Each structure stands twice: as structure tokens, then as C-alpha cells.
Amino acid sequence: MSVTRIDTGPHPPDRNLLFAICVVCYAFGGYFSTLMPVYLPVVVKELMADVDADDLNEVSAYIGSMFLLGWTFGGILFGFLGDQIGRIRAFVIAVCLYAVLNILISFSNSWQMVILLRFFSGLGVGGTLVLATILVAEVWPAKSRAIALGILAVTFPIGIISTGIANNFFSDWRLAFLPGFIPLLAAFTALILIRESKEWTQLKQQSLSKLEPSKYLALFESQNKKNLIQGSLIFGSMIIGLWAIFSWMPTWVQSLFPDPGQGQIERGITMMILGSGGIVGGSLSGFLINYLGHRKTLLITFAGCFVMCFIIFKTNQTFSTIIYPECALLALFFGISQGTLSSYLPELFPTKIRATATGFCFNIGRLATAIVVFFVGALVHVMGGYGNAVLVFSITFLIGLLVTFYSPEAVAHSDSSLNKNL
């Protein structure tokens, strides 16, 4: 019996299935992105046996930085592939990559193997987040697109919450990486049932989808160059600060306890709160965009993130439950920012380079992040603790605030097919 393939056209049931698959894969992207930071002290100690604090910080920094490097190159690479071979094919490859490699982490017996697998799984996560955003943006009606993309962005912090649950549920960190089979099944469902994006298919039929390398010079032509620089700076400023905070938040919480054996439950609760606040923020982002516009919404999020980072890391020297609501507020602004940026960036570019350009904007900041986050461990001694070291990275929120202040309101590209899905 032949399988009926679904067209990602204007019919709501078709869009809903595609959206559900993107949600699952996006959520597990968030899960696997933050799962290792939650278990990091346990993983490194097990794989390195008698490790001192300096070695723990160094190896932890390597693991975090290599994942971000993979995420960066994956977002750019799979964005390119999305324009070359189609959104769905590239999406399925990216999801399978991160799902399989995270399952393999469960069987790692050395920290070097963990670093290698985290790098290549990062490739898949970066590609998945870019392509899921593009797929939803290209098939959703304009009047509710910002809300749909805000809901999609919410699933990333749902994944973060899941890491907190996993931390409390799985005492063995290896078991926490086995759920990679779930996005793997979702990817195969997409491969079997979902047809390619109509916008990309139409370009292929017009021979516009054969994007020779010279076509990518269009990214740097005058009509796109400004949007590319602006989008990269704004997204990069947000992601550098947030990734430094989210990656090192569990270790910072642990450092607030005098006894190294304490803090497991508090680490898990903190990550669940960060995820919960992100869900609320992402859910609100579409409505805020429709009411305030992208620019004002982004200004609020950058200012809010900076203020909350200052409060969290400068006023807490020992662990207190006041940290929980403070982290919730920080995560609220984080969620709003991710929903807003997911809606903002695809609208800046035409269909033929949309995936590549969005992938570039999403991930060029992560290249800097992978480098600077590596030095958090070294900054701990220089700055007198994890709190001060992480606080340094909140300066990027001020940079993003400044760039956004001098940027115009986002207007969809005149050649963009996003305007056609009314």
C-alpha cells in the first residue's frame, strides 16, 4: 500500500502535523542542549576519577564550547543545505544526527569521547532549530505567524524543564541521554509523510533553487547586508549572554553550598524554573510583537535580562529560595526574546536565501559564544567566583540593547513569500 504524502500547503491539518513534528524535535533540541550542563559536574568526575576543581572547570569548558561550535557550524551548514536540497530533507538529517549521537553519549567511557559526540550532536541541534523555524514560517498564515513561531520557541524551554526533571528522576546520567529515540521517530515520520515546502519547490521548478556559490554573494549585497549584520548582532548579543548563564547556572548554584554533596535538587529546580519562565515568555512574545512591534519588544527583553542578571549574581552569596523567582523573571525575558527573534529574522530575507541567511544570523553569534564561554572557568579565579564570571557576559545584553535601539522596525522583505500565506 502506498503512503499518502502530506503537502505543506495551506490546509490546516497538514500544517498541524508539520508543526507537531517541529515542536517535538525543537523541544528535544532544548533538552539535549542543556542536559549536559545539568549533569556536567557528575559526568566529568565519573570520567576523570579524582579530578580537582581546576581540571573540572577546564574539561567542563571544553565540553560546553565544543557543543556550541558544533551548534554554530550546524546552523550555518544546514541552513545552506535547506536552500540546496530542501527544507524537509535537511531537517530530517539534522534531527537524526543529534538524536543518534546523544544516544551514543550514554555509552561513552572517556571525556574525550563526550567532547567529540557533543560537537557533532551540536551540528544537528543547530540545523534543527534553524530549519524548524523556516518550515513553520513558510507555511503559516501571516496573521498568526508570530504567535505560531512564539509557540515553537516555547518548546526549547520545555526541553530545559525536562532536563531538570531528568536530573531529579535519573540518578545515572547515562540514562538521561537515551530518550534520543523520540526525535528520531519524529524525523522518520517527517521523511515519510511531509512533502517539501511549496515555496522551495516553486523555486526549484523555476531553477532558482540551484544556488551556485556565487548566489550567496547576495547575502552581502546592499539590500541584504544591513539586515544580515543587524540580525547577527542582535541575536548574537542575546545568545552569548544567555548561553553563558544557562550553561553555568547549575555549577553556580552548586558553588553556593558549602558541602559539595548538596545542591542536586536545587540545580534541577533552577533549570525547571528557567524553562518555565521561558515558556511563559515565548507564549507572550507573539502578542507583544503584534501590539508593540519587534523593536520595542526586543528593547524590553535586553533591558530585562541585564537587570535580572545583575540582581541574581551580585546579591546572592549563599543559596536562598529568592533565587527561584529571580531566575523565573530572567527566563521570562529570555522566552520573549527567542519568540521575537524567531519571528523577526526570517522576514528579513527572500525565499531563495532565507534558510542560509537565518542560519547565519542564528549562529554566527554562537561562534563567539563558543570561544568566550570557554573562558568562564578561567574567569572564576580572576573575578572571585562563578557569579562575577558569568555576570561579565551580561554586558552583551547592553550591546544588543544599543544595536536594537538604532535599528528600524522589522518589515518583511518585498520578495518574501512569507507575505503570501494570508
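The values are calculated or read from the model by the stated rules, or taken from the named source; none is laboratory data. Please read all numbers here as calculations on a predicted model, not as lab measurements. So basically every Cβ, Gly included, is an ideal-geometry build from the backbone, and we count neighbours across all protein chains shown. Just so you know, the surface numbers come from the protein's heavy atoms only, side chains and all, with ligands and any DNA or RNA stripped out. Shrake-Rupley method; radii C 1.70, N 1.55, O 1.52, S 1.80 Å.
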Single residue of GLY365, GLY400, GLY384 found to be modelled with pLDDT of 65 or more and on the phi > 0 side of the Ramachandran plot: GLY384
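Would you confirm whether any residue within segment 74-91 is assigned to a helix (DSSP H, G or I) and surrounded by fewer than 19 Cβ atoms within 10 Å (Cβ to Cβ)? Full working, then the answer.
Keep residues of segment 74-91 that are assigned to a helix (DSSP H, G or I), which gives 74-84, 87-91.
Narrowing further to those that are surrounded by fewer than 19 Cβ atoms within 10 Å (Cβ to Cβ): 84, 89.
Checked against the condition, which is being assigned to a helix (DSSP H, G or I) and surrounded by fewer than 19 Cβ atoms within 10 Å (Cβ to Cβ), segment 74-91 yields at least one hit.
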I'd like to verify a number: residues in segment 287-329 that are in a helix (DSSP H, G or I) and open to solvent by 70 Å² or more (accessible area, probe 1.4 Å), how many? 10
Write out, first by first residue and then by second, each pair whose Cβ atoms fall under 9 Å of each other, whose residues are 6+ apart or on separate chains, and whose first residue, in segment 26-48, is without any contact (Cβ under 8 Å) to a residue 24 or more places away in the chain and surrounded by fewer than 24 Cβ atoms within 10 Å (Cβ to Cβ) while the second is in a helix (DSSP H, G or I) and not aromatic (Phe, Trp, Tyr). LYS45/LEU56
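Filtering segment 333-357 down to residues that are of a type in the set (A, V, I, L, M, F, W, C) and part of a helix (DSSP H, G or I), which residue is nearest to ALA303 (Cα to Cα)?
First, the residues of segment 333-357 that are of a type in the set (A, V, I, L, M, F, W, C): 333-334, 336, 341, 345, 348-349, 353, 355, 357.
Right, trim to part of a helix (DSSP H, G or I) and you get 333-334, 336, 341, 348, 353, 355, 357.
On the way: PHE333: 9, PHE334: 11, ILE336: 12, LEU341: 15, LEU348: 24, ILE353: 32, ALA355: 29, ALA357: 26 Å.
Residue satisfying both the conditions and the ranking: PHE333.
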Within the set of pairs 6+ apart or on separate chains, which have a first residue in segment 147-171 that is touching a residue at least 40 places away in the same chain (Cβ under 8 Å), a second that is open to solvent by 10 Å² or more (accessible area, probe 1.4 Å) and not in a helix (DSSP H, G or I), and C-beta atoms under 6 Å apart? ALA148/TRP140
Given the criterion of a type in the set (Gly, Ala, Ser) and either over 30 Å from LEU348 (Cβ atoms) or over 17 Å from the mean Cα position of the chain (by Cα) (or both), identify the matching residue among ALA146, ALA132, ALA137. ALA146
Quick count over segment 168-200, residues being in a helix (DSSP H, G or I) and among the basic types (Lys, Arg), is 2
If I filter segment 147-160 for residues that are farther than 18 Å from ALA357 by Cα and touching a Cys at 6+ places or on another chain (Cβ under 9 Å), do I get at least one hit? yes
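Residue-wise test of (1) modelled with pLDDT under 80; (2) assigned to a helix (DSSP H, G or I); (3) surrounded by fewer than 23 Cβ atoms within 10 Å (Cβ to Cβ); (4) among the charged types (D, E, K, R).
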residue	(1), (2), (3), (4)
VAL125	no, yes, no, no
THR133	no, yes, no, no
ALA137	no, yes, no, no
SER144	yes, yes, yes, no
LEU149	no, yes, no, no
ALA153	yes, yes, no, no
ILE160	yes, yes, no, no
ALA166	no, yes, yes, no
Specify the residue that is farthest from ALA27 (Cα to Cα); the eligible residues are those in segment 92-114 that are open to solvent by less than 10 Å² (accessible area, probe 1.4 Å) and in contact with a Ser or Thr (Cβ under 7 Å, 6 or more places away or on another chain). VAL114
Do we have any residue at all in segment 174-182 that's closer than 24 Å to GLN338 by Cβ and open to solvent by 10 Å² or more (accessible area, probe 1.4 Å)? yes
Looking only at segment 168-199, how many residues end up being in contact with a Lys or Arg (Cβ under 6 Å, 6 or more places away or on another chain) and modelled with pLDDT under 75? 1
In segment 216-229, which residues are at pLDDT 80 or above and open to solvent by less than 20 Å² (accessible area, probe 1.4 Å)? LEU228
